1. Answer rounded, prolate or oblate for segment 39-83, using the Cα gyration tensor with square roots of eigenvalues a ≥ b ≥ c: rounded when a/c is under 1.5, else prolate when a/b is larger than b/c, else oblate.
2. Give me 47, 22, 12 ranked fewest to most by other Cβ atoms within 10 Å of their Cβ, as a rough exposure proxy.
3. Sort 132, 86 by Cβ crowding within 10 Å, fewest neighbours at the top.
4. Could you give the length gained by full extension between residue 83 and residue 150, i.e. 0.36 nm per residue of separation minus their alpha carbon distance, to one decimal place?
5. Quick one: compute a quarter of the convex hull surface over the Cα atoms of segment 18-136 and quote it in nm².
6. By how many degrees, 0 to 90 and rounded to 10, does the Cα axis of helix 38-64 deviate from the longest principal axis of the chain?
7. Using only the alpha-carbon atoms, how far is helix 94-125 inclined from the longest principal axis of the chain? Give it as 0 to 90 degrees, nearest 10.
8. Using Cα-Cα distances under 8 Å and only pairs 6 or more residues apart, what relative contact order does segment 1-71 have, in percent?
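Derivation of every value follows stated rules applied to the coordinates shown; laboratory data play no part. Remember, it's a predicted structure, so these values are computed and weren't measured experimentally. Neighbour counts run over all protein chains shown; Cβ positions are idealised from the backbone, glycine included.
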Ligand SMILES: [Fe+2]
Ligand SMILES: [Fe+2]
């Protein structure tokens with residue numbers, strides 16, 4: 001039968017984000033292992049821990065709907081993960097990979113933020129106040145993470161190779 005209720009849509013979107021959060025556990029592990037900066041590594045590890053809590057909140061919502069948690073592959077997040085795989089073919093330097101990851105992580109946070117905002121809207125329309133509360137807690141974590149990543153990105157200094165060479169040449173000049 002065709003889908004025709006907000007409730008069904010809500011459940012569908014819950015399964016989608018449930019799958020996304022599981023994929024992101026792996027992606028955050030991967031980025032933490034690729035990171036060379038202690039603070040950045042820590043940020044990924046901290047958000048991984050939060051992500052586990054977010055999955056638990058989704059478990060609770062499924063339970064409140066009388067459903068067992070189920071994941072439905074999220075092509076949106078899979079696409080972002082694939083984008084990274086394609087980028088790796090460029091063989092980026094560790095420093096550039098670090099900078100790329102900070103940007104990729106921001107893309108996923110924006111995706112999650114929009115997904116959770118929609119879920120909150122649907123849960124509100126369905127009168128599921130407990131679900132609204134749980135989803136809002138997660139939304140706040142995603143927003144805080146995006147802000148942290150933005151700050152990390154703006155402080156991140158990538159040395160341009162040409163500039164570095166020029167500086168080296170200048171250093172070599174006799175005084
Ligand atoms: Fe998340
Ligand atoms: Fe997130």
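1. Taking the square roots of the gyration eigenvalues as a ≥ b ≥ c, segment 39-83 is oblate.
2. Working: 47 24, 22 15, 12 11.
Neighbour counts put them in this order, fewest first: 12, 22, 47.
3. In order of increasing Cβ crowding within 10 Å: 86, 132.
4. Gain on extension, residue 83 to residue 150, equals 22.1 nm.
5. If I average the Cα hull's projected area over directions, I get 7.4 nm².
6. Compared with the principal axis, the helix lies near 10 degrees.
7. Between the helix axis and the principal axis of the chain, the angle is about 20 degrees.
8. Numbers: 44 pairs, mean separation 25.6, N = 71.
Answer for segment 1-71 is 36 percent.
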